[in-house]
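The values are calculated or read from the model by the stated rules, or taken from the named source; none is laboratory data. Remember, predicted model here, so these are calculated numbers, not experimental data. Cβ placement follows ideal geometry from the backbone for every residue including glycine, while neighbour counts extend to all protein chains displayed. For the accessible areas, the whole protein counts, side chains as well, though only heavy atoms, and no ligand, DNA or RNA atoms are used. Shrake-Rupley method; radii C 1.70, N 1.55, O 1.52, S 1.80 Å.
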Amino acid sequence: MLLWKEFTLEFRNRNALNGIVLYVFSTIFIAYQSFRSVSDVPVWNALLWIILLFSSVNAVNKTFQNDGSGRQYYFYLLADPVAVILSKILYNIILLTFLSLVSAAFYSLVLGNPVQQYGNFILVLLLGSIGLSSLLTMVSAISYKSGNAMGMIAVLGFPIMIPLLITIIKASKGVADGLPFSTYSKYLVTMAGLDILIIALSVILFPYLWRD
Amino acid sequence: MLLMVYAIPMSLIGEVSVQTILHETIRNLYFHVTMWFSMFILFVVSMINAVMFLRSGNLLHDHRSEMYARTSLLFGFIGIFTGMIWANFTWGAPWVNDPQLNGAAITILSYLAYLVLRSSVNDAQKKARLAAVYNIFAFTLMFVLIGILPRINDSLHPGKGGNPGFGSYDLAPAMRPVFYMSILAWTLVGVWISQIQVKIKIQQSKFKSDNI
């Protein structure tokens, strides 16, 4: 139900979604213009995740701002906070997965792609965007409640995002280098664990943020 | 209050046991390692107080949570500086790219972000709630960062990435009690500082509400 509302809301102001996609594309194009071609695998990897990181911050940023205070109050009376946060997280996961797949495809198109194991690479992208989106949803809830959402999300989000990012970058570097699966599977396990941990924490903690 | 009465003599004993030994870099063990131990313990206390605040809504827990976080941040800075001195002697440089060091830096960043969050919200109850949620969130991720990530990466620190831990071979039996005592002593110094800060905070908020 609430998930459906998120989707209809998103399609109603499609310009926001288009804006994010455009943002990613132009960032990738800037990277392309400045690098031309990236032969170095670590640089390729780091650049991809930096682009994805900033676009996901931009995408998730408006999760709570989209709902005006009146509508928030309406949900507050109607819905269970767990349902609210789960629908927001789920929506953001879908959004970011879509965004990361599209931008990774475009990125590989213009900057080349050293990846051999596509299945594993997509797995890393999936796990990474699940983690990033759930963490950023929670952080954007905190920063929305704190009043100045734009500034706070970066300040609060970046430090606690780093453990996740380190694992993501290690895992995707392993994939891009074409190493055997067993050498980086521990990072994938850590990522999956972190994803579950973040979602569980959000479900536990969000009800306290929600009541105002 | 009881804790304070307990802490003052204990901190005096602790300082005696710490100052009887100087020079030789291994003695840094009593400062650097114990700093991190007590920082961690104080962060745990801060986190527990955040949980207690969310359960009870009592602002006293929030004051405690904030002050313990501040004190352990101070300990964190001291820990980093003592670590730099030590690293300069043993590894040849004050800052090396080591997962543990990065973890420490990020921990400090995320708790600085916690303080920024606190200072950006005016309403006391709301501030306390947001800060408590962020505290729990940041602590959990920090635990992953310091506790798990260095173990699956290689680290220069003892006990990580295949290096043997201290204590198994080079910690003289006579150093052991001093080491544990100084962990206890520094922790209690931290508790003592935080208790004083909490008292100041309570008096200030009383003073404010009296004036209103």
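Quick notes on this one:
- Solvent-accessible surface of the stretch A:89-203, averaged per residue with a 1.4 angstrom probe and all protein chains in place: 34 square angstrom.
- Relative packing of B:65-75, A:94-104, which averages over residues the other C-beta atoms within 10 Å, highest first: B:65-75, A:94-104
- Accessible area buried, both sides summed, chains A and B with 1.4 Å probe, Å²: 2600
- In the stretch A:137-185, burial by the other protein chains removes 30 Å² or more of 1.4 Å probe accessible surface, compared with the chain on its own, from A:142, A:145, A:146, A:152, A:155, A:156, A:159, A:160, A:162, A:163, A:166.
- For B:126-136, mean number of other protein chain Cβ atoms within 10 Å: 5
- FRET efficiency for the pair residue A:26 and residue B:125, taken as 1/(1 + (r/R0)^6) with r the Cβ-Cβ distance and R0 = 45 Å, rounds to 0.60.
- Label point distance in nm, residue A:118-residue B:208, each placed 7 Å from Cα along Cα→Cβ: 5.9
- Cross-link pairs beyond the 24 Å C-alpha cut-off, checked among A:62/B:127; B:126/B:199; A:145/B:199: A:145/B:199
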